[in-house]
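Colleague: First, the structure itself, so that you have it in front of you.
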Amino acid sequence: MSTQAAAASNKDRVFIFDTTLRDGEQSPGATMTLEEKLQVAEALDEMGVDIIEAGFPIASNGDFEAVVAVAKQVKNSVVAGLARAIPGDIARAGEAVRHARQGRIHTFVSTSPIHLAHQMKKTEEQVLEIISATVAQARNLIDNVEWSAMDATRTPIDYLARCVELAIKAGATTINLPDTVGYAIPAEHEAMFRSIIERVPGADKVIFSAHCHNDLGLAVANSLAAVRGGARQIECTINGLGERAGNAALEEVVMALRTRGDAMPYDTEIDSTHLSRASKVVSAAANFPVQYNKAIVGKNAFAHESGIHQDGMLKNAQTYEIMTPASVGIKETTLVMGKHSGRAAFKDKLKELGYDLGDNAFQEAFVRFKDLADRKKHVYDADIVALVDDEAGSV
Ligand code: KIV
Ligand code: ZN
């Protein structure tokens, strides 16, 4: 579905908050230079990302400068800067994002018992006071304030509801309930959002957001479950880059909503034809390879080797593809020639290479091709040309 079609459809809009430049960059080894960050921000802005989290301004002067530079460059997206629930952090984030056409301060504090006891060494009541004071401080600096309950999914629901209520009262406009350690499972995640949204006064005045980590491989499933529970913002990263096992992958979230719109009446305003390019930009910038079988953007995501699949693809692409390569910006499906390929794919390949063999010559060439494929991991076009030409020359 094109951007225009998404906007025109009567589906509920889900906002995409990309944190490749912040949570993604926290992936070990994924540090990016200022120039690389600007390239990533440009790709995100162009594809229609609603909010770009550009960095953590208090973390270093470099991070501050990067947020300022992204804020100045970005044309359409909101630009967010992260801040702990500490006055100095919030002031610094405010200073950085004020350069944006539309800026956001994103402030967070832990709410789970384990974080309160061991990391923060604070009581529940102390954290409640911190929430009110820091969200109010951020709101005095800017109208667009996101508050996150770090480790929300391991926080008792009654206490989480009290925290959210205070954040809303203090002026937060987006409430994010992160699955910081990737602990949630989809049904539970959906129920958490539904319960908080139903019981907290003022919940209907703010946007709820999901931020899922992939420790159990459930980040995308949990993000979609959160939307079913009432969230309307998903925080994600290109290629699923992020701490440990990463964050929910933007391209997977976007294409799951678009491809299965029949089952989920929600959509984003992302122009999905930019996904493949964005994946390459981020992979190069973060020096982080994309696994071959990565959904949507991996090298094999639209490649088929099995003879049965190749035969089906040649008859009708929908037999083995649920979305078109073009819809994610990939030129075409690849039929990989190998020992699993059948006659139909071999014939198609010969045609592509300019050969039109008679029946007998074709059968002989196919036998030689299978023999070669058994011995060789990759059968390239040049191998097939050699195989046909050698035989023609020997007649
Ligand atoms: O995972 C997390 O909890 C975070 C917060 C800072 C939003 O990244
Ligand atoms: Zn995170």
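Coordinate-derived values only; no laboratory data. None of these values were measured; they are calculated from a predicted model. All Cβ positions, glycine included, derive from the backbone under ideal geometry; neighbour counts span all protein chains shown.
Colleague: Treating only the Cβ atoms of Lys and Arg (+1) and Asp and Glu (-1) as charged, compute the dipole magnitude of the chain about its Cα centre; round to the nearest 20 debye. Could you put the intermediate results ahead of the total?
Modeller: Values: 41 positive and 53 negative charges, 106 e Å.
The calculation lands at about 500 debye.
Colleague: Want the number for Lys122 to Arg368: 0.36 nm per residue separation, take away the alpha-carbon distance, what's left? Don't jump to the answer; show the numbers that get you there.
Modeller: On the way: separation 246, 0.36 × 246 = 88.56 nm, distance 7.29 nm.
Residue separation times 0.36 nm, minus the Cα-Cα distance, leaves 81.3 nm.
Colleague: Only Cα pairs within less than 10 Å get springs; with that Gaussian network setup on the chain, which residue of Ala326, Ala231, Ala69 has the largest fluctuation?
Modeller: Ala326
Colleague: Report the paramagnetic label zone for Asn287: residues of the range 7-48 whose backbone N is under 15 Å from a point 7 Å from Cα along the Cα-to-Cβ axis.
Modeller: Inside the label zone: 25-37.
Colleague: Counting only C-alpha contacts under 8 Å and six or more residues apart, can you give the relative contact order of the range 244-371 as a whole percent?
Modeller: Values: 120 pairs, mean separation 26.5, N = 128.
Value for the range 244-371: 21 percent.
Colleague: Here's a follow-up. Angle between the Cα long axis of helix 124-141 and the longest principal axis of the chain, 0 to 90 degrees, nearest 10?
Modeller: That works out to roughly 80 degrees.
Colleague: Relative contact order for the range 258-303: what percent, with Cα pairs under 8 Å and sequence separation of 6 or more? Walk me through the numbers before you get to the answer.
Modeller: Details: 24 pairs, mean separation 9.4, N = 46.
Relative contact order for the range 258-303 comes out at 20 percent.
Colleague: For n ≥ 4 DSSP H runs only, could you compute -39500 (n - 2.57) per run for the chain, divide by its residues and tell me the 222 nm figure to the nearest 500?
Modeller: -13500 deg cm²/dmol
Colleague: Taking just the alpha-carbon atoms of the range 247-395, what radius of gyration and Dmax come out, in angstrom?
Modeller: Considering the range 247-395 through its Cα atoms, Rg and Dmax are 18.8, 63 Å.
Colleague: So which residue, out of Ile322, Ile234, Ile157, gets the largest mean-square fluctuation from a GNM of the chain using Cα contacts under 10 Å as springs?
Modeller: Ile322
Colleague: Angle between the Cα long axis of helix 61-73 and the longest principal axis of the chain, 0 to 90 degrees, nearest 10?
Modeller: Long axis of 61-73 versus the principal axis of the chain: about 70 degrees.
Colleague: Where the centre of each part is set by its Cα atoms, how far does the range 297-334 sit from the range 196-240, in angstrom?
Modeller: Each part's Cα centre sits 31 Å from the other's.
Colleague: Treating the angle as unsigned and between 0 and 90°, give the value, to the nearest 10°, between the Cα long axis of helix 219-228 and the longest Cα principal axis of the chain.
Modeller: Roughly 60 degrees between the two axes.
Colleague: What aspartates and glutamates could a cross-link reach from Lys122, if we take a straight Cα to Cα line under 17 Å and drop same-chain neighbours fewer than 8 places away?
Modeller: Asp151
Colleague: If I take R0 = 35 Å and measure r between the Cβ atoms of Glu35 and Asn316 in this structure, what FRET efficiency does the formula 1/(1 + (r/R0)^6) give, to the nearest 0.05?
Modeller: So the FRET efficiency works out to roughly 0.20.
Colleague: Taking Lys205 as the anchor, which lysines have their alpha carbon closer than 27 Å to its alpha carbon, excluding any fewer than eight residues away along the same chain?
Modeller: Result set, ordered by chain and number: Lys11, Lys75, Lys169.
Colleague: Setting aside same-chain residues fewer than 8 positions from Lys72, which lysines have a Cα under 25 Å from its Cα?
Modeller: Lys37, Lys280
Colleague: Mind checking the full-extension length gain between Leu216 and Ala303? Use 0.36 nm per residue of separation minus the Cα-Cα distance, one decimal, nm.
Modeller: 28.7 nm
Colleague: What is the chain's relative contact order, in percent, from Cα pairs under 8 angstrom and six or more apart in sequence?
Modeller: On the way: 779 pairs, mean separation 58.1, N = 395.
Contact order relative to length: 15 percent.
Colleague: For the chain, modelled as a Gaussian network with Cα springs under 10 Å, which listed residue fluctuates most, Ala187, Ala221, Ala85?
Modeller: Highest fluctuation among the options: Ala187.
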